[in-house]
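K.L.:
Shown below is the structure under consideration.
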Amino acid sequence: MSGENRGKRKVLIIDAYHDSDKGGVGILWGMIYAIKDSLKKLKLEGDVEIEIVYRFSEDDPRYKTAPRHTQKKFPELKIYGSPQKTDSSNVKTQLFNLSHSFLMLCFPGMFLNPTIEAIKDADVVISKGGHFYRLAPGFLNIIEMYELIYPLLLCARLNKKYFIVSHTVGPLHYPGVCLLKYVFNRAKFVTTRETISQKILQKVGIKNVEVTPDTAFYLPSGDKEKVEPLLKRYGLQYKEYAVIIARYWNFPNNETETEPALLYQNYIDTLARTADYLVQNYVKKVALVVHTMGQHDEFEEDNRPISAIYEKVKNKSSAITINEDLSPDMLLGLYHSAKIMVGTRLHAVIFATVSGTPSIAIAYGHKTYGITSMMKLKDKVIDINNIQYNDVTRLIDELIADEIEFRKNIFATVKNLREKIEETVEKIMREL
């Protein structure tokens, strides 16, 4: 059904990941907020529907929990599973799923698939940002890229207008990168969320790549009142506690078998010592927060490093762990109410930053360096491979000494980033 023959026009957001990945859901919500604001500005808010496609098919057990926070926050939005089957428990199933998806791509009209119908019915399709377009070396990486990029292949096959917005990409390797080039060069436009990824795409031959800040910057500042019951439950007082966010990391770029284990232990020990330092000098308590849960991927479960840090903390009476399935709204309020954050999860740092809380980022990939540079915080980043207690405490001292100036500058920076997001999204909405 074409847009001219029905009432409301439709915007379809694809590549929603999983709501236990709080960075991914923050990116999604920021995109939704930006679309709603642009539609209001263009006086189209009553004429357009927003729909969402997640990266797990509806028969995949992970899909059952994937949209839980988004459905509650935006009950009016229609949500779909991935058009390709993603529950691959064995090689035989994987081969079947691959063959099935290829047939759908070749003959989409033959399949009664609600997600394919949603793509057909969309006036514009937006691939929301994240960091999933990356490849390991090897000939079979073309299959990996095929599965990653499948919804966009369907958009190209169905001649839809699609936009790739605010992504981090890389590393990229042949032959899989050829498929990415095919799809990206057929988009109406492509934007990355930082300049490092922009250069990677330009190097492999993607045309006219621009930069749009991570759409999580479009989230509202945290609400102190909303989290008061949470703070009370954990004995936390407004601006009298610090937050530490950790993720598991396997230090993949190290050559010896023992080196990754030593680096991981140093990382955990440093953050535990940092927690004690914060209590000794600046706050009453430290909250060790499980920012991302592992329902979508065990590797992404933050409880493992958080528990390890707590075990190493000496002043346990002043350290608490928060391991709850908190929505982005609650996390924004929790981080807003803190005095300072030290965070390995990039989006925990973004959530804190949009709320004006001074933050130190621990970088495990180029996306952290690229985005903190946009935030004008590149001097507040520590490489996870070289994290040292003295470096962390020095940055803490600097941030707290300049806290008032920091808040003033960061609010101005976030305002500029939000304006750039608005500009990109409005450009898309004018295509309706």
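K.L.:
Count, please, the residues in segment 34-61 that happen to be under 19 Å from residue 328 (Cα atoms) and at pLDDT below 95.
P.N.:
Within segment 34-61, residues that are under 19 Å from residue 328 (Cα atoms) and at pLDDT below 95 number 0.
K.L.:
Select the strands (runs of 3 or more DSSP E) contained entirely in segment 179-281, then report the ones holding at least 2 residues which are aromatic (Phe, Trp, Tyr) and modelled with pLDDT of 95 or more. So that I can check it myself, show each step before the final result.
P.N.:
On the way: elements: 189-192, 209-211, 241-245.
Filter on segment 179-281 gives an empty set.
K.L.:
Okay, next question. Exactly one of these conditions fails for residue 363: (1) farther than 19 Å from residue 340 by Cβ; (2) without any contact (Cβ under 8 Å) to a residue 60 or more places away in the chain. Give me its number.
P.N.:
(1)
K.L.:
With respect to residue 395, is the statement that it is of a type in the set (A, V, I, L, M, F, W, C), at pLDDT 95 or above, assigned to a helix (DSSP H, G or I) and within 22 Å of residue 219 (Cα to Cα) true? Talk me through it step by step, then tell me what you get.
P.N.:
Details: of a type in the set (A, V, I, L, M, F, W, C): yes; at pLDDT 95 or above: yes; assigned to a helix (DSSP H, G or I): yes; within 22 Å of residue 219 (Cα to Cα): no.
Here the answer is no, as residue 395 does not meet what is asked.
K.L.:
Which residues, counting only those in segment 9-21, are over 15 Å from residue 166 (Cβ atoms) and either outside any strand (DSSP E or B) or acidic (Asp, Glu) (or both)?
P.N.:
Correct list: 18, 19, 20, 21.
K.L.:
To continue, here is another question. Please go through segment 192-238 and give me each residue that is touching a Pro at 6+ places or on another chain (Cβ under 9 Å) and not aliphatic (A, V, I, L, M), ordered by number. If you could, list the steps in order and put the result at the bottom.
P.N.:
Step one: filter segment 192-238 for residues touching a Pro at 6+ places or on another chain (Cβ under 9 Å), giving 193-194, 200, 216, 219.
Passing the criteria: 193, 194.
K.L.:
Continuing with this model, one more query. Residue by residue through segment 139-161, note down the ones that are touching a Pro at 6+ places or on another chain (Cβ under 9 Å), closer than 22 Å to residue 109 by Cα and outside any helix (DSSP H, G or I).
P.N.:
Within segment 139-161, 158 is the sole residue that qualifies.
K.L.:
Here's something else I'd like to know. Do any residues in segment 186-203 that are farther than 25 Å from residue 124 by Cα have Cβ atoms under 6 Å from those of residues that are surrounded by 21 or more Cβ atoms within 10 Å (Cβ to Cβ) and among the hydrophobic types (A, V, I, L, M, F, W, C), where the two are at least six apart or on different chains, and which pairs are they?
P.N.:
Matching pairs, first to second residue: 200/169.
K.L.:
In addition: Is it the case that residue 320 is within 18 Å of residue 241 (Cα to Cα), crowded, with 21+ Cβ neighbours inside 10 Å and over 22 Å from the mean Cα position of the chain (by Cα)? Lay out the reasoning, then the answer.
P.N.:
Values: within 18 Å of residue 241 (Cα to Cα): yes; crowded, with 21+ Cβ neighbours inside 10 Å: no; over 22 Å from the mean Cα position of the chain (by Cα): yes.
So residue 320 fails the test.
K.L.:
Continuing with this model, one more query. Test of understanding: among 384, 371, 362, which residue is surrounded by fewer than 24 Cβ atoms within 10 Å (Cβ to Cβ) and among the aliphatic types (A, V, I, L, M)? Steps first, answer last, please.
P.N.:
Details: 371 fails: surrounded by fewer than 24 Cβ atoms within 10 Å (Cβ to Cβ); 362 fails: surrounded by fewer than 24 Cβ atoms within 10 Å (Cβ to Cβ).
Matching residue, one of 384, 371, 362: 384.
K.L.:
Moving to a separate point now. With respect to the numbered conditions (1) closer than 24 Å to residue 238 by Cα; (2) at pLDDT 95 or above; (3) touching a strand residue (DSSP E or B) at 6+ places or on another chain (Cβ under 8 Å), which one is the sole condition not fulfilled by residue 380?
P.N.:
Single failed check for residue 380: (2).
K.L.:
Select, from 37, 60, 15, 47, the only residue that is surrounded by fewer than 24 Cβ atoms within 10 Å (Cβ to Cβ) and either within 25 Å of residue 302 (Cβ to Cβ) or free of Cβ contacts under 8 Å to residues at least 12 places away in the same chain (or both). Can you show your working first?
P.N.:
Values: 37 fails: either within 25 Å of residue 302 (Cβ to Cβ) or free of Cβ contacts under 8 Å to residues at least 12 places away in the same chain (or both); 15 fails: surrounded by fewer than 24 Cβ atoms within 10 Å (Cβ to Cβ); 47 fails: either within 25 Å of residue 302 (Cβ to Cβ) or free of Cβ contacts under 8 Å to residues at least 12 places away in the same chain (or both).
When all the criteria are applied, what remains is 60.
K.L.:
Right, here's the next one. Residues being free of Cβ contacts under 8 Å to residues at least 24 places away in the same chain and surrounded by 17 or more Cβ atoms within 10 Å (Cβ to Cβ): count how many of those fall in segment 261-285.
P.N.:
Count: 1.
The values are calculated or read from the model by the stated rules, or taken from the named source; none is laboratory data. Being a predicted model, the structure only gives us computed values, none of them experimental. A quick note on method: Cβ atoms are made from the backbone with ideal geometry, for glycine too, and the neighbour counts reach across all protein chains shown.
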